[in-house]
Amino acid sequence: MSTLLGRILIQIRMLVYLLRLLFGGYKEGNSRFSYHRRSAAMPLTFMMVFIAPAGVFLTALILPWPILTWVLAVILGYALVYTAGLYSSMIALPHELTQDRLILRYGAIASGEIPCSFIKSAAISREWLGQTGDGLKFGLAENTACFSIGSATSMKLELSQPVEMTLWGQTTQRVTFIYFHADEPDRMIAEINKRCPVAESSVAGF
């Protein structure tokens with residue numbers, strides 16, 4: 001699948017998650033762990049709700065070319081749907097712990113599946129690697145992936161074997177250290193230890 005086609009399909013999925021959130025909502029379970037509460041996507045969505053119509057109105061009022069108003073309306077409308085869809089996909093796709101693997105996510109955009117047998121240690125960690133904003137980032141440290149939310153993470157995994165992440169439908173480099181955020185890190189650590197008995201839990205980075 002080409003990168004462009006993959007991005008288009010993922011953004012269609014984000015729109016579906018938005019519609020499902022508006023008309024039904026989502027439920028959390030003991031094996032699902034949210035991470036969206038401090039994301040920048042939520043305030044950006046609320047900002048776009050006000051900015052988009054105001055921008056279109058002012059453009060139509062000031063400029064005499066209707067085509068520019070339509071172009072701006074399309075751009076701002078797309079930005080609004082994108083940010084709302086991203087935030088909806090973060091709610092719909094939390095981190096998840098199955099019987100044999102841990103699935104980390106950043107909405108519909110990025111994910112990583114880690115077999116429980118690969119988890120060497122799991123720690124609550126406040127280490128800052130220089131990450132900013134939201135999303136999956138690499139290159140902040142050697143063999144490291146960072147699922148940053150609000151420029152921060154709250155947990156750290158060390159793996160016994162490297163795994164690949166997925167970003168915009170494409171596999172990425174292999175990593176052995178993963179930093180990520182969960183809204184309830186203590187509960188997530190407890191569940192990881194229950195499902196993945198080889199993991200050593202600790203608190204680090206304070």
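The values are calculated or read from the model by the stated rules, or taken from the named source; none is laboratory data. This one's a predicted model, so the numbers in the text were calculated from it and none came from an experiment. Here the Cβ positions follow ideal geometry from the backbone for every residue, glycine too, while neighbour counts run over all protein chains shown.
Values for this structure:
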| read-out | value |
| --- | --- |
| Segments classed as strands (runs of 3 or more DSSP E), wholly inside the stretch 46-144, with at least 1 members that are surrounded by fewer than 20 Cβ atoms within 10 Å (Cβ to Cβ) and charged (D, E, K, R) | 95-97, 101-106, 110-115, 119-125 |
| Of all residues in the stretch 170-190 being surrounded by fewer than 17 Cβ atoms within 10 Å (Cβ to Cβ) and touching a residue at least 40 places away in the same chain (Cβ under 8 Å), the one that is nearest to Gly6 (Cα to Cα) | Gln170 |
| Which listed residue is modelled with pLDDT under 95 and either under 22 Å from Leu93 (Cβ atoms) or in contact with an Asp or Glu (Cβ under 7 Å, 6 or more places away or on another chain) (or both), from Thr144, Thr172 | Thr172 |
| Number of positions in the stretch 147-158 that are surrounded by fewer than 21 Cβ atoms within 10 Å (Cβ to Cβ) and in contact (Cβ under 8 Å) with a residue 24 or more places away in the chain | 3 |
| Residue within the stretch 56-76 that is modelled with pLDDT of 85 or more, within 30 Å of Ala190 (Cβ to Cβ), touching a helix residue (DSSP H, G or I) at 6+ places or on another chain (Cβ under 8 Å) and of a type in the set (A, V, I, L, M) present | no |
